[in-house]
Amino acid sequence: MAKSRRLTKLVAYLRPHAREATLGIIALLIVNGLGVRIPLLIRTCINKLSANFSLDQVIYYVVLIFSLSSAMWLIRMASRIWLFGVGRQVEFDLKQRIFEHLLKLEPSYFATNTGGDLISRATSDVENIRRLLGFAVLSLANTVFAYALTLPVMLAIDVELTLAALAVYPLMLFMVQLFSHRLRNQQLEVQENLSNMSELIQEDISGMALIKIYAQEENERRAFAHQNQQLLQANLQLAKSRNTLFPLISGLASVSSLVIIWLGATRLASGSLAVGDFVALLIYVQQLVFPTALLGFTITTYQRGEVSIDRIEAILTVTPKIQDTADTIHLPREQVRGELSARNLSYTYPDVTNPALQNINFTISPGEIVAIVGPIGSGKTTLANALPRLLDIDPGQLFLDGVDITKIALADLRSAIAYVPQDSFLFSTTIKNNIRYEDPMSDQPEVEFAAHLAQIHPEIANFPQQYETIVGERGITLSGGQRQRTALARALLVNAPVLILDDALSSVDNQTATAILANFRTDWKSPDLSSSGTNGTKRKTVVFITHQLSAAAAADRIFVIDKGKIIQTGTQIELLQQPGLYRTLWSQHQVEELLH
């Protein structure tokens with residue numbers, strides 16, 4: 001069943017390139033037809049020359065055989081170009097499909113599937129399938145045609161010699177079958193070890209600063225040496241199996257030539273076999289040696305391809321949990337007012353018993369700034385992820401302008417909600433390109449205006465390259481506060497009606513954080529941007545998740561979350577007048593301020 005499913009997948013990979021594959025296989029058929037014809041011409045030439053030598057006949061056959069051999073070479077080259085080209089096209093298609101499919105999957109998928117393993121599948125596994133659909137298809141077709149066209153001619157020449165020469169071939173195929181299961185398991189082990197090594201390298205490169213801070217170079221060196229040793233052992237075991245199988249196949253294939261020579265010499269001496277027939281049979285047997293020996297390589301390539309098909313399909317068959325449905329509603333960004341509401345919102349993470357959110361209810365008016373505070377692990381980030389539907393929440397719980405967010409087209413929903421998460425991820429490009437990530441065609445004034453609102457423009461202006469400064473991998477050349485404000489500027493440039501800040505100013509001082517929030521209280525005007533869409537922007541609805549209570553105090557309202565429930569709501573003054581968690585948090589904050 002599994003093999004049938006893999007073959008079905010291979011056919012599906014090939015289907016878009018059926019024309020090129022068909023041309024390549026037809027070319028191989030012609031090549032093997034010429035390969036059968038040439039020995040027959042040699043046989044005829046030898047038999048005629050044995051009876052009556054003629055120089056004209058020799059020249060005729062030499063020119064004819066040379067012409068057919070040249071045509072055979074050209075057609076073989078064409079078949080390789082077509083079939084290897086199909087492999088490259090399938091490689092391109094699969095990489096594109098994998099990347100596009102990964103873009104559709106929810107963030108939780110990448111929490112359980114590491115980047116190193118996914119990269120390995122999208123590179124080395126795809127390459128194995130490319131070899132399978134290039135080299136292996138060519139070899140298999142060549143072997144089938146070689147036997148299908150050559151055997152009938154050999155049997156027509158001499159049945160007894162042909163059967164004797166091919167008597168060892170069943171043993172050869174039995175050995176290939178005997179080794180195939182072992183080769184597949186060993187190839188799977190190699191692929192898994194390669195994935196583990198890729199994952200380790202990726203993590204160590206990303207965390208190089210941490211490795212040096214804790215002086216863990218030696219531990220990481222040992223960890224890499226262990227992974228490298230496992231990969232080496234797996235490759236050696238695979239090489240041992242291959243280097244045992246292939247010489248045996250080649251040796252057995254060569255035995256058939258010895259059988260022809262041994263029995264054919266006796267027949268020549270008795271006169272029961274013509275010299276031309278003997279030479280033709282010897283050539284045919286030699287022609288079958290290469291396709292038969294190549295069968296071992298083909299089997300190995302197929303074993304690799306089987307493993308890789310399973311590993312790639314494990315990605316492609318994952319159904320996105322969060323996707324548009326047939327009854328999706330389109331909600332253009334310019335029509336969104338920015339009202340957010342929750343009705344008995346609850347959410348429990350997979351394989352977890354306690355819910356992260358429990359029966360949360362609220363309504364946030366358009367243009368309102370709401371701060372959300374609470375202890376670590378109280379559900380604040382879960383709520384932030386639920387609003388743009390990064391989590392698979394049930395219908396009828398969260399609403400944007402009164403519309404269930406599970407019914408809004410994902411592109412429209414996420415266009416209406418700008419989200420700055422805790423981890424301020426930046427791409428390895430310029431500050432300017434990071435800020436205008438959503439709209440790469442944004443003009444410099446628009447970029448600078450967003451940076452002004454995020455309170456990062458003065459610092460960027462002091463950089464030698466200013467907005468053309470390369471931030472390095474994940475923004476490593478910037479401080480934590482600079483990374484956060486650059487990410488905020490990126491969200492502000494989007495000009496979405498709703499802005500979610502998930503502790504996105506944790507590395508920014510209270511004064512700067514308060515100044516940033518103050519920018520959200522007024523309609524944004526800039527006389528320098530009269531032609532810009534940013535000019536005259538209406539107030540955003542801001543959901544500000546924070547541990548900085550001084551900044552939270554400037555919000556219109558504060559939600560206090562604990563153990564997945566909203567236990568208090570109100571303004572700073574209202575919450576301080578009532579006993580509860582907020583007053584406790586504020587007291588702790590005041591003590592910390594005094595200590596600093």
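Details
- From the list L103, L74, L49, the lone residue that is without any contact (Cβ under 8 Å) to a residue 40 or more places away in the chain, among the aliphatic types (A, V, I, L, M) and open to solvent by less than 70 Å² (accessible area, probe 1.4 Å) is L49.
- Failed item in (1) over 26 Å from Q303 (Cβ atoms); (2) aliphatic (A, V, I, L, M); (3) surrounded by fewer than 18 Cβ atoms within 10 Å (Cβ to Cβ), with L281 passing the rest: (3)
- Residue in region 471-484 that is touching a helix residue (DSSP H, G or I) at 6+ places or on another chain (Cβ under 6 Å), at pLDDT 80 or above and within 23 Å of S415 (Cα to Cα) present: yes
- None of D503, D439, D443, D509 is charged (D, E, K, R) and within 28 Å of the chain's Cα centre (by Cα) except D439.
- First in region 551-575 and more than 16 Å from A384 (Cβ to Cβ), second anywhere and among the aromatic types (F, W, Y) and open to solvent by less than 40 Å² (accessible area, probe 1.4 Å), Cβ under 6 Å, 6 or more apart: Q568/Y582; T569/F559; L575/Y582
- Flag if S79 is among the small types (G, A, S) and surrounded by fewer than 15 Cβ atoms within 10 Å (Cβ to Cβ): no
- From the list L133, L118, L163, the one residue that fits, being out of contact with any Asp or Glu (no Cβ under 6 Å at 6 or more places or on another chain), at pLDDT 80 or above and open to solvent by 60 Å² or more (accessible area, probe 1.4 Å), is L163.
- Taken residue by residue, region 383-392 has at least one member that is surrounded by fewer than 17 Cβ atoms within 10 Å (Cβ to Cβ) and farther than 28 Å from I516 by Cα.
- Pick from region 330-351, criterion charged (D, E, K, R) and under 33 Å from the mean Cα position of the chain (by Cα), ranking: surrounded by the most Cβ atoms within 10 Å (Cβ to Cβ): R333
- Scanning region 446-457 for residues that are over 35 Å from the mean Cα position of the chain (by Cα) and open to solvent by less than 50 Å² (accessible area, probe 1.4 Å) yields F449, L453, H457.
- The one condition from (1) open to solvent by less than 30 Å² (accessible area, probe 1.4 Å); (2) part of a helix (DSSP H, G or I) that Q286 does not meet is (1).
- Selection status of I309, assigned to a helix (DSSP H, G or I), surrounded by 21 or more Cβ atoms within 10 Å (Cβ to Cβ), among the β-branched types (V, I, T) and in contact with a Ser or Thr (Cβ under 7 Å, 6 or more places away or on another chain): no
- Residue match in region 103-114 (condition: among the charged types (D, E, K, R), touching a helix residue (DSSP H, G or I) at 6+ places or on another chain (Cβ under 9 Å) and in a helix (DSSP H, G or I)): no
- First in region 260-276 and at pLDDT below 80, second anywhere and among the hydroxyl-bearing types (S, T, Y) and exposed (fewer than 10 other Cβ atoms within 10 Å of the Cβ), Cβ under 7 Å, 6 or more apart: none
- Scanning region 163-207 for residues that are touching a Leu at 6+ places or on another chain (Cβ under 7 Å) and more than 18 Å from L295 (Cβ to Cβ) turns up A164, Q186, V190, N193, L194, M197.
- The residue of region 538-584 that is surrounded by the fewest Cβ atoms within 10 Å (Cβ to Cβ), among those that are over 23 Å from A496 (Cβ atoms) and of a type in the set (V, I, T), is I573.
- Number of residues in region 92-115 that are touching a Leu at 6+ places or on another chain (Cβ under 8 Å), of a type in the set (D, E, K, R) and modelled with pLDDT of 85 or more: the value is 1.
- Meets criteria (assigned to a loop (DSSP other than H, G, I, E, B), in contact with a Leu (Cβ under 6 Å, 6 or more places away or on another chain) and at pLDDT below 85) for P320: yes
The values are calculated or read from the model by the stated rules, or taken from the named source; none is laboratory data. Bear in mind the structure is a predicted one, so any value in this text is a computation, not a measurement. As a convention, Cβ positions derive from the backbone with ideal geometry for all residues, glycine included, and neighbour counts pool all protein chains shown. The protein model used for the area step is the full one, side chains on, heavy atoms only, and it has no ligands, DNA or RNA in it. Shrake-Rupley method; radii C 1.70, N 1.55, O 1.52, S 1.80 Å.
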